[in-house]
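Asker: Just dropping this structure here.
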Amino acid sequence: MDIRTVPNPLVRAGGRWLRRINDRHPWSHNDHFHGWILRRLPARRRQALDVGCGAGLLLSRLRGRFDEVLGVDADAAMAAVATERFAGDPAVSVRHARFEEVDGTFDAITMVAVLHHLPLEVALRHGAELLKPGGRLLVIGLARAQTLTDLAWDLPSSLLNPLVGLVKHPQPVTKPVDEGGPPLPMRDPAETFAEISTVVRRVLPGARLRRRLFFRYTLEWTRPA
């Protein structure tokens, strides 16, 4: 549910104004939640897996906190960027692979804006199977907004978004920034938060699923020892 699509013309005009401010002071919602992940890493830190690693920013932050870090990405171009970034680094390896092709065991599995690209229940079950006892699954996810409760979270996020942008990126951007490299694969989420919650309760008993500002939710689950 996007306020820019609400029929009321004043609301739509406000949405367009917010979009202009956001474009001039951009910031990454996904990177914003990396700190949440790093604060919840398990005590045992031998192997970590980052699913949908993209260009490898989270890999660089997990490196040094684990003995070995593996990044996988189903997009060949993104996997190539991450592979080049960590060329010659024995602590980090990158594979062009789908999540369901990954085997082995891990102390931590991270997913940032990736789960909605995957079949939800299948991906959660596979993640649980890959974790060692005591291992932790940490997810930053997106859900489809549908209900008034969803809007109650999205509306303040929309209003606060430009304020955070002014703090994180105070110098206005006057033209699109050419960051180089391939574009990030994009997909709108199919499941609502309520639907995700139902599946999580069934597949990952005891998981902590929370709505967050800035159009994200967090999921934390530790495999029983």
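The values are calculated or read from the model by the stated rules, or taken from the named source; none is laboratory data. No experiment lies behind these values; they were computed from the predicted model shown. Here the Cβ positions follow ideal geometry from the backbone for every residue, glycine too, while neighbour counts run over all protein chains shown. Surface areas here come from the heavy atoms of the whole protein model, side chains and all, with no ligands, DNA or RNA. Shrake-Rupley method; radii C 1.70, N 1.55, O 1.52, S 1.80 Å.
Asker: Tell me, please, whether a residue that is in contact with a His (Cβ under 7 Å, 6 or more places away or on another chain) and either open to solvent by 40 Å² or more (accessible area, probe 1.4 Å) or over 25 Å from Ser197 (Cα atoms) (or both) can be found in region 139-151.
Answerer: Within region 139-151, not a single residue is in contact with a His (Cβ under 7 Å, 6 or more places away or on another chain) and either open to solvent by 40 Å² or more (accessible area, probe 1.4 Å) or over 25 Å from Ser197 (Cα atoms) (or both).
Asker: Which of the residues that make up region 191-218 are part of a strand (DSSP E or B), aliphatic (A, V, I, L, M) and open to solvent by 30 Å² or more (accessible area, probe 1.4 Å)?
Answerer: If the condition is that a residue be part of a strand (DSSP E or B), aliphatic (A, V, I, L, M) and open to solvent by 30 Å² or more (accessible area, probe 1.4 Å), then no residue fits.
Asker: A further question on this structure: Can you pull out the residues in region 31-48 that are of a type in the set (Gly, Ala, Ser) and either closer than 14 Å to Trp221 by Cα or open to solvent by 20 Å² or more (accessible area, probe 1.4 Å) (or both)?
Answerer: Gly35, Ala43 - these are the residues of region 31-48 that are of a type in the set (Gly, Ala, Ser) and either closer than 14 Å to Trp221 by Cα or open to solvent by 20 Å² or more (accessible area, probe 1.4 Å) (or both).
Asker: Of all residues in region 90-112, how many are open to solvent by 20 Å² or more (accessible area, probe 1.4 Å), closer than 25 Å to Pro189 by Cβ and of a type in the set (A, V, I, L, M)?
Answerer: Within region 90-112, residues that are open to solvent by 20 Å² or more (accessible area, probe 1.4 Å), closer than 25 Å to Pro189 by Cβ and of a type in the set (A, V, I, L, M) number 1.
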